[in-house]
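The values are calculated or read from the model by the stated rules, or taken from the named source; none is laboratory data. Everything numeric here is computed off the predicted structure, so don't read it as measured data. Cβ: placed from backbone, ideal geometry, glycine included. Neighbour counts: every protein chain shown. Quick note on the areas: whole protein, heavy atoms, side chains included, nothing else; ligands and nucleic acids left out. Shrake-Rupley method; radii C 1.70, N 1.55, O 1.52, S 1.80 Å.
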Amino acid sequence: MENFVYRNPVKVLFGRGQIAGIGAEIPAGAKILLTYGGGSIKTNGVYDQVRAALAGRPVAEFGGIEPNPRYETLMRAVELVRAEGIGFLLSAGGGSVLDGTKFISAAAHFEGDPWDILAQHAPVRRAVPLGAVMTLPATGSEMNFFAVITRWETREKLAFGHPAVYPKFSVLDPETTFTLPARQVANGVVDAFVHVLEQYLTYPADAPLQDRMAEAILLTLIEEGPRTLAQPADYDARANLMWAATMALNGLIAAGVPQDWSTHMIGHEITALHGLDHAQTLAVVLPATMLARQEGKREKLLQFGERVWGLREGSPEARIQAAVDRTRAFFESLGVPTRLSGYGVSADTIPLIAERLEKRGMTALGERQDVTPAQVREILALCV
Ligand code: NZQ
Ligand code: ZN
């Protein structure tokens, strides 16, 4: 096992009715900015619950944060935070609203051009404290310090992370997810599944506890994802899915083990250029990554096949192929296509994506830093 430092300060308020408790989590007297997206919180009761919990408190609002939140929009909120002296940010919505709120938090007191936080990894020295009501199990943003932001003007989708933007608290009330369209439920299952694999499907680090925790999350997603889609009113299915998605990216299974993240980096370029949902890009790139990089990932692929899909028969090559096929079939069964053609994207995009990653200096991705632009092209050729 590798050395690690682990600290996760997010207070999780999980379960029915927990939104009612947020008032006690926000410092008294702080001017609050409630951030949200395109309106889902207005139609599913989350907005009303938040306003009731904050009755009598000074609350300003900033709505209209898009899926794949846009820098241009978020900078308008940054101006509002500065002008109004906002002391606490409260995000209500999915990963996009929360990621956008993390960026607002980091940008509000940033000296210089806030785009540098994303493009130059400029250090964040001061952040506006934030909390979250998470209504979409997928990203794990509710219990981590990452955010992914899109600059619409240049079609760039970049990530940053800093402990200063950990939410102070996150409310996870599974009832808020009842209104999710099936597409977003399926996206969430795929995103969480791939988060686990980015931290698990690398090379053995003699970390059996992390491996088994990762496998437990995968098996939970395989069971609870389809259960949620088949029985949308099942509270427990929603609750299990929500907690699994949080556990998939809160740092716990990453402790002491190598990590990949190349599927995500390639996926972000596909979203930036072609507008696919985040999880849709992962469903396309992951199976291709598993095939193209099976040599370096051989032992973990075999372990994944055996422990997650029960594959014990046949040659190692046949079991690896079967593990990829089962994963692809799982995503497809959720209604998420796993080929670029399924989204009307042609092979013409391949050189451009490799070139864009290269321009950003992302020429040595993956757990062994051996995913070069040439390998990116090879992976993408298997995505068509
Ligand atoms: O905008 P509203 O009206 O709220 O509607 C949203 C949006 O249209 C809707 N929605 C959310 N909760 C709902 C709901 N509709 C009905 N009922 C509810 N309870 O769902 C749509 C998609 O929302 P979005 O927030 O975009 O989805 P998700 O949570 O999947 O977030 C995706 C973003 O997170 C980033 C992705 O790149 C993408 O930009 N990621 C963030 C990560 C992180 N912070 O750690 C890691 C991930 O790998 C990922 O990259
Ligand atoms: Zn993701």
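Quick notes
- Residue within region 42-56 that is among the polar types (S, T, N, Q) and under 20 Å from ALA159 (Cα atoms) present: no
- Qualifying positions in region 40-62 - in a loop (DSSP other than H, G, I, E, B) and either touching a Gly at 6+ places or on another chain (Cβ under 7 Å) or surrounded by fewer than 17 Cβ atoms within 10 Å (Cβ to Cβ) (or both): GLY45, LEU54, ALA55, GLY56, ARG57, PRO58
- The set of residues in region 245-254 being open to solvent by 10 Å² or more (accessible area, probe 1.4 Å) and either more than 12 Å from ligand 1 (Cβ to nearest atom) or more than 12 Å from the chain's Cα centre (by Cα) (or both) consists of MET247, GLY251, LEU252, ALA254.
- Answer from ARG227, ARG238, ARG212 - the residue that is outside the structural domain of GLU142 (by TED's automatic domain parsing), among the basic types (Lys, Arg) and either within 14 Å of ligand 1 (Cβ to nearest atom) or buried (at least 19 other Cβ atoms within 10 Å of the Cβ) (or both): ARG238
- The set of residues from region 111-167 being away from ligand 1 (no atom under 15 Å from the Cβ) and acidic (Asp, Glu) comprises GLU111, ASP113, ASP116, GLU153.
- Annotation note: of ILE104, ILE149, the sole residue that is of a type outside the set (Lys, Arg), buried (at least 24 other Cβ atoms within 10 Å of the Cβ) and away from ligand 2 (no atom under 16 Å from the Cβ) is ILE104.
- Some residue of region 182-205 being touching a Phe, Trp or Tyr at 6+ places or on another chain (Cβ under 9 Å), under 27 Å from ALA106 (Cα atoms) and modelled with pLDDT of 95 or more: yes
- Of the numbered criteria (1) open to solvent by 30 Å² or more (accessible area, probe 1.4 Å); (2) within 15 Å of ligand 1 (Cβ to nearest atom); (3) not in a helix (DSSP H, G or I), the one ALA92 fails is (1).
- Cross-chain or 6+ apart pairs with Cβ under 8 Å, region 247-267 first and assigned to a helix (DSSP H, G or I), then among the charged types (D, E, K, R) and open to solvent by 10 Å² or more (accessible area, probe 1.4 Å): none
- In summary, ARG183 fulfils each of the numbered conditions (1) within 16 Å of ligand 2 (Cβ to nearest atom); (2) in contact (Cβ under 8 Å) with a residue 60 or more places away in the chain; (3) open to solvent by less than 10 Å² (accessible area, probe 1.4 Å) with the single exception of condition (3).
- The residue list ALA30, ALA77, ALA24 contains one member that is loosely packed, with under 12 Cβ neighbours inside 10 Å, at pLDDT 95 or above and not assigned by TED's automatic domain parsing to the domain that holds ALA239, which is ALA24.
- Hey, ARG326 open to solvent by 10 Å² or more (accessible area, probe 1.4 Å), in a helix (DSSP H, G or I), over 15 Å from CYS383 (Cβ atoms) and among the basic types (Lys, Arg) or not: yes
- Of the strands (runs of 3 or more DSSP E) entirely within region 103-176, those holding at least 1 residues that are more than 24 Å from ARG360 (Cα to Cα) and out of contact with any Pro (no Cβ under 8 Å at 6 or more places or on another chain) occupy 130-134, 169-172.
- Every residue from region 19-37 that is of a type in the set (Gly, Ala, Ser) and in a loop (DSSP other than H, G, I, E, B): ALA28, GLY29, ALA30, GLY37
- Residues being within 21 Å of ALA283 (Cβ to Cβ), touching a residue at least 24 places away in the same chain (Cβ under 8 Å) and not aromatic (Phe, Trp, Tyr) - total across region 341-361: 12
- For region 262-318, the set of residues classified as open to solvent by 30 Å² or more (accessible area, probe 1.4 Å) and of a type in the set (Ser, Thr, Tyr) consists of SER315 only.
- Restricting the first member to region 290-319 and to residues that are over 30 Å from ALA364 (Cα atoms), and the second to residues that are buried (at least 20 other Cβ atoms within 10 Å of the Cβ) and small (Gly, Ala, Ser), the beta-carbon pairs closer than 8 Å and six or more apart or on different chains are TRP309/ALA323; LEU311/GLY305; LEU311/ALA323.
- ALA24 vs. criteria more than 16 Å from ligand 2 (Cβ to nearest atom) and more than 24 Å from the chain's Cα centre (by Cα): yes
- Here ASP191 passes the criteria (1) assigned by TED's automatic domain parsing to the domain that holds MET265; (2) within 19 Å of ARG16 (Cα to Cα); (3) touching a Leu at 6+ places or on another chain (Cβ under 7 Å) except the one numbered (2).
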